[in-house]
Every structure is written in C-alpha cells, then in structure tokens.
1. Take each of the peptides 93-99, 146-152, average the number of other beta-carbon atoms within 10 Å over its residues, and list them starting from the highest.
2. Between GLU69 and LEU152, what's the calculated FRET efficiency when r is the beta-carbon distance and R0 is 30 Å? Round to 0.05.
3. Magnitude of the Cβ-charge dipole of the range 18-157, K/R +1 and D/E -1, about the Cα centre, nearest 20 debye?
4. Between GLU61 and SER181, what length in nm is gained on full extension when 0.36 nm per residue of separation is reduced by their alpha carbon distance?
5. Provide the gained length on full extension for the span ARG38 to LYS244, in nm with one decimal, where the gain is 0.36 nm per separating residue minus the Cα-Cα distance.
6. Measure off 7 Å from each Cα along the Cα-to-Cβ vector at SER209 and CYS132, then give the distance between these two points in nanometres to one decimal.
7. What's the local net charge at HIS201, with K and R +1, D and E -1, over the other residues with C-beta under 10 Å away?
8. When the Cα atoms of the range 3-114 are enclosed in a convex hull and the volume is divided per residue, what value in Å³ results?
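What follows is calculated from the coordinates using simple rules that are stated; it is not laboratory data. Because the structure is a prediction, the values reported are computed rather than measured. Counting neighbours? That spans all protein chains shown, and the Cβs are built from the backbone with ideal geometry, glycine included.
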Amino acid sequence: MKIAITGCDRGRIRDWMIEEWGCIPVVCDITQPDDVARELKRVDPDILIHAAAMTDVDECERQPTRAVETNLRGTWNVLRAFRGDLFVFISSDHVFDGKRGPYAETAKQNPVNCYGLTKFAAEMLVNTHDDCKTMIVRTSKLFTIDDITRFLAMLKTVNGRYAVPTMLRRSFMYLPHFALSLADIIARVAEGEVYVPSIVHISGSETVSYYKFWSDVLDRLAPGERRLIKPRRIYFHGNAERPKKGG
C-alpha cells in the first residue's frame, strides 16, 4: 500500500511520516491543476494525506484571495486528480466559533475567520466527493520540540524565574497536541490499524490556555525550579479573530 502526503515539505512531521511510515511526499503547487495531476500520476498513491494549506491565520485574513486559492481551490485540485482509495483531509478546529468548545465531530461549523472559512468550505468539497473514500481529520493547536526550544530561547530570567518578554494569550483555550503524535495517529488511521468515522477530532485531552500550557512545559523540564511569571496584561497582535475555546 502506497501512502503519499501533500504539504509538510519540511520539518519533523514530514521526516517522521517519511522515515517511520514510508510516506511519499507529493511535491507540487496545489494551486496549479496540471502540476497536481502530473505529480499524482507519477506518485500514484493508494492513500493520500492532504496536509498542504495556507495555515497562518493572520496572513489568511490579510490575503483572503490567496487563502481561498490555496485552501479551497487547491484542495479541489488535489481531490479531483487523486485516483486512489482513501483521501485524508487535514482540517482544523477553526471551523468552529469557539463559543462552546471543545467540540464533538457532529457539532455545527461556524468559522469566525478567513482561515476557518476556507477549511470549512474545503470540508464540504471533501464530504460531497464520491469518487473515493474520504476522511476529515480536525486538529487543534499543534506543537513540536522545535517550538519548545524557540520558546525557551525567547524567555528572560528574572530572580530565578522565567519572564515572558511578550504577553501570552491567556484568553484563548486550546487542546494542544504533539505534532509527531498526530502524524503517527494519522498514519495508523490511513493504514487501517485504527478505525475512525468519516470525520474525527485528534487533539490533546486537556483544554488549557497558552499561559497554562507553557507553565506546564517549564514544570516538566525542571520541577520546582522554574516558574513562568504571569503577564499583567492581555493583548493580542493578530488581526484575525480566534475561536475562544478550541478543540
């Protein structure tokens, strides 16, 4: 069985999927249908994991046309060119408004930003496609070892404790999940080792704020020694609205 993956053209997730599961990277511009068709004909996968997307939420808000072209039209190009058995679409909890999270798979979608809207529209395309079996995998906030390394490098030490140079978004709640664990689960699902319905949510088990998440990370790294100083103010630089309670 041949498994291929779009997107993830660099980084640990791509490496993990390729090295541990033998996934074949699909290298093409998904906004160009002819390019997509040629590449998928060359790879000819039985299972395709479609992870390629414009995922910067603020950039999607600033460039909605590009977001639609990549996340919606790009998904259609890939879906239409695929000739295998199972199409796995990687989506996001941004398809929900975040008022009553965490959400069940059957919850009604109501995106509050351009990124979520493009993912919601792409989900509709995938759901109505009947040329192959489809599966939608929604995720919440992902993190990697590299994220932790960068965060620690950003911190400043004050009286033996870590102070945050910029304010953390304490008002947003997520179900953070380790990216490599997500990749492993997706691969197992794709190979049929784990049965899931046509739509599945894969995320962490506990809803936490950014502040709580990074505080817990520091506690695990050095219990009782390092503490994160709570920000006095809450502000957010992004120009796109976020779901208040994700997952």
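1. Sorting 93-99, 146-152 by mean packing, highest first, produces 93-99, 146-152.
2. Given R0 = 30 Å and the Cβ-Cβ separation, E is 0.25.
3. I would put it at about 400 debye.
4. On the way: separation 120, 0.36 × 120 = 43.20 nm, distance 2.91 nm.
Length difference between fully extended and current span is 40.3 nm.
5. Contour length minus the Cα-Cα distance gives 70.0 nm.
6. The modelled label-to-label distance comes out at 4.4 nm.
7. -1
8. 122
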